[in-house]
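The values are calculated or read from the model by the stated rules, or taken from the named source; none is laboratory data. This one's a predicted model, so the numbers in the text were calculated from it and none came from an experiment. All Cβ positions, even for glycine, are placed from backbone atoms using ideal geometry, and neighbour counts span all protein chains on display.
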Amino acid sequence: MKRFILLMAVLVLSVGCDRDSSFENALTAGSPHALQSHIAWVMPQQQQVALMHPDRLRLQRVPLEAEPRATHRAPDGRGLLVLDAEGLTWIPVSDAGAGTPLRVSLEGAYRRVSFAPDANRVVLFGEAGDGQAALSNPNQIAIVDLETGDATERTLRSYGSAPQAVAIGPVGPLAGAERQIAWLLAERYLAVLDLAAPTAAELVVHLVLADDTREVSPTEVSFAEVDGMQTAFVRALGSDDVFSLTFPDAAAADAVPRPYLNQLAASPAPSDMTVQTVADGQRIFTTGTDVFSITHPVTGRRIAVDVGLPVSRIQPFTAPRDDDLVEGDGHYALLWAEGSSAVVFADLDLVERRGGRALTPLVLSAPITALRPLPNRRGAVARLGEAGLALLDFEARTATPLLASGRLLSLVVSEAGAQVYALVRDGEHALVTVDTDTGAASAMPLAEGGVLLNIPGVDRAVVDHQQNWGHISVLHDETITERGGVFLEGALDP
Amino acid sequence: MKYFLCLIVLLPQLAQAQIDWRLTIRGGQTFSLDAGHDLVSSYPGRTGLEVSLDKFVLSPSEHSTLGLGVAYAFAAASDWVYEDIDTELMNGDLRAHALYRWSTGRSWAFNGRVGPVYRATALTLADGGGELMAKTEQWGVYGGLGFDYLFGDPSPVEMDELFVGFSMEMTYAYFPENELVVAGTSWGSLDTSGPGVLVGFTYIW
């Protein structure tokens, strides 16, 4: 009997205390990310990223080496960059799922990330140091090649400021070598780096003279190829001009080429900017104090169009044209200001020739809180207050109001632009689909509310109900597929 | 199953047993060998109770008897997982078995039994936001080896009287792995097979 009891005690003790640590840690996930053909969650305590294709509905788990501190989505949902105390993990994502994660160890800790347009490189900056040190170095940055995993950490020369934002241009031939220029925006100056030569000393471009006390802070950079030369256009707070920077002189491949600065007249106190290749060539479009300006990037000639309505933002988009003014899609923009009830549709291909006649204003019944262009259509959807929507058709010059029965929680537009999805709460939760061609709306009840996403690549609306163990609803045509306990998938087979 | 039914019908007519009935009420633990049990609890055991009634129908020799029995058993485990999710695993068994008993003729008797078992299992996870339950029902095989110690040192002559004793049994249940799908999501395979131990009282008359 004694032996039997001893045997049972050994059995219990040997198997009773070895549960995998993943079962002891919370399953809680952060906000979902819409990646290429996948919805993704970062689960900090599980130290993993979970991905699910909204059609295949199978969970893929990517383990992380350390507890994540911050997560950044790459442009177009090409991947997820997860920062932790020891470095970063880059998870490329395609329609097939997550690729092999890239692990990069870093000395410093960074909070902010700027991706190159094709997500091949990244610059990390902001709050450098170990994150808990009494003294940190805000001019410390890290340049990481996301294809090779090479990382360079360095401190920028400073003139009393530190990078507030980073804009990275495209890869291409520039000043005699294949380069990728990064612009680090600090108060009163810009630091210029070549990410293809990450150890090369940066060059600094001062936007004001040393004895000029004006506060000129660069806030936005747009890139374009002007006369065959890659050019950066910089909008700055405190300046009525747009700064144009080019690299006409050749330089060694391991050095940063010298930028040449030019100032181009823009709208007074420009609040937004876009650079587009329209029917008449490259043009810089700016808004400011209700004036919409078109600036020639080489001659600096500016045409100002009085909008007559408060506009502070430009949302450019492309859509088919009725005429053959340009090859391919035409170029358009929505000019508007948050809190204003007016929106102006600008035909960017024609505005230089026709002035105000190329602008179509629409005044809505309530202030606009969000505005989304409809892809492939000369239209947009506006969110009005807490319960209103309006479908804007700039061809017919109509604004079709749609009133939600309850509170409008979120709004997304399908990739093709044919549908607008809205999450509405009127006691019960519902997912509303609006056909952008007919304006017809249909609602489907949901068990719970949550976060509404449209997944790029598969163009599928997904609601993440933000439940502890994962709960999503996927809109498939006119039915909703629900999945509960998403994060428990395979939990019995550790 | 066909042969099992034949035994039930024919065996009582083959011989007269020394004892007729045995009732056992025992509690104990059953253990999971499957790592999937980690989703339920860090401790691999379930606490349960079994009530078994056996009818002895054949006595091939002076000390041995054969019988048939049925039992109902219930076992449960509850704990937490993922820091804040409460878990509960319950299974109810309906068992039928053939029993072999070898008695010393005095206080001690040794038993062995084997038979089919029908198990209904429910695994529930709950947090503040709601609950998810996976249910499954399946057939398996059940067996046990144990002993009875009857109080009062009964002699074979007295076996037609009621005796009370202590009973203990080591058990093993086998079930095929079973996939649990809840709200469209497969949680994976749960295997509730495993050994166990039962301790309690037996009544013989």
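Of note:
- Looking only at region A:456-471, and only at residues there that are in contact with a helix residue (DSSP H, G or I) (Cβ under 8 Å, 6 or more places away or on another chain) and more than 10 Å from every other protein chain (Cβ to nearest Cβ), the one that is surrounded by the fewest Cβ atoms within 10 Å (Cβ to Cβ): A:Pro456
- Residue count for region B:23-66, restricted to those that are assigned to a loop (DSSP other than H, G, I, E, B) and closer than 30 Å to B:Asp191 by Cα: 8.
- Residue match in region A:386-395 (condition: over 16 Å from A:Val344 (Cβ atoms), touching a Gly at 6+ places or on another chain (Cβ under 6 Å) and surrounded by fewer than 19 Cβ atoms within 10 Å (Cβ to Cβ)): no
- Some residue of region A:351-370 being outside any strand (DSSP E or B) and either of a type in the set (Phe, Trp, Tyr) or crowded, with 23+ Cβ neighbours inside 10 Å (or both): yes
- When A:Ala109, A:Ala98, A:Ala85 are screened for being surrounded by fewer than 19 Cβ atoms within 10 Å (Cβ to Cβ) and among the small types (Gly, Ala, Ser), only A:Ala85 passes.
- Each residue in region B:72-89 was checked for being surrounded by fewer than 17 Cβ atoms within 10 Å (Cβ to Cβ) and away from chain A (no Cβ under 14 Å), and 4 of them qualify.
- Residue count for region B:172-205 satisfying the condition of being under 27 Å from B:Met133 (Cβ atoms) and more than 12 Å from every other protein chain (Cβ to nearest Cβ): 5.
- Near pairs, Cβ below 6 angstrom, 6+ apart or cross-chain, from region A:370-387 (within 14 Å of A:Val412 (Cα to Cα)) to any residue that is among the polar types (S, T, N, Q): A:Pro373/A:Gln315; A:Leu374/A:Thr436; A:Arg383/A:Thr369
- Just one of the listed residues (A:Ala50, A:Ala98, A:Ala40, A:Ala29) is modelled with pLDDT of 95 or more, closer than 26 Å to B:Gly188 by Cβ and within 14 Å of chain B (Cβ to nearest Cβ), and it is A:Ala50.
- For A:Asp437: the one exception among (1) away from every other protein chain (no Cβ under 14 Å); (2) crowded, with 22+ Cβ neighbours inside 10 Å; (3) of a type outside the set (Phe, Trp, Tyr): (2)
- Residues that are more than 13 Å from A:Met273 (Cα to Cα) and in a strand (DSSP E or B) within region A:203-239 comprise A:Leu203, A:Val204, A:Val205, A:His206, A:Ser217, A:Glu225, A:Val226, A:Met229, A:Gln230, A:Thr231, listed in sequence order.
- Residue check, B:Leu94 within 15 Å of B:Arg26 (Cβ to Cβ), more than 14 Å from chain A (Cβ to nearest Cβ) and in a strand (DSSP E or B): no
- When the residues of region A:265-296 are filtered to those that are in contact with a Leu (Cβ under 7 Å, 6 or more places away or on another chain) and not in a strand (DSSP E or B), the one that is nearest to A:Thr219 (Cα to Cα) is A:Asp290.
- Unique match (being within 25 Å of A:Ser21 (Cβ to Cβ), free of Cβ contacts under 8 Å to residues at least 40 places away in the same chain and not in a strand (DSSP E or B)) among B:Glu131, B:Glu83: B:Glu83
- Qualifying residue in region B:113-124 (condition: within 14 Å of another protein chain (Cβ to nearest Cβ) and touching a helix residue (DSSP H, G or I) at 6+ places or on another chain (Cβ under 7 Å)): no
This table checks each residue for (1) within 23 Å of A:Gln230 (Cβ to Cβ); (2) out of contact with any helix residue (DSSP H, G or I) (no Cβ under 7 Å at 6 or more places or on another chain); (3) modelled with pLDDT under 95.
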| site | (1), (2), (3) |
| --- | --- |
| A:Arg111 | no, yes, yes |
| A:Val122 | yes, yes, no |
| A:Asp130 | no, yes, yes |
| A:Ala134 | no, yes, yes |
| A:Thr152 | yes, yes, no |
| A:Arg157 | no, yes, yes |
| A:Ser161 | no, yes, yes |
| A:Ala186 | yes, yes, yes |
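- Residues in region A:477-494 that are farther than 15 Å from B:Ala183 by Cβ and more than 7 Å from chain B (Cβ to nearest Cβ): A:Asp477, A:Glu478, A:Thr479.
- Strands (runs of 3 or more DSSP E) fully within region A:89-168 counting 2 or more residues that are polar (S, T, N, Q): A:151-155
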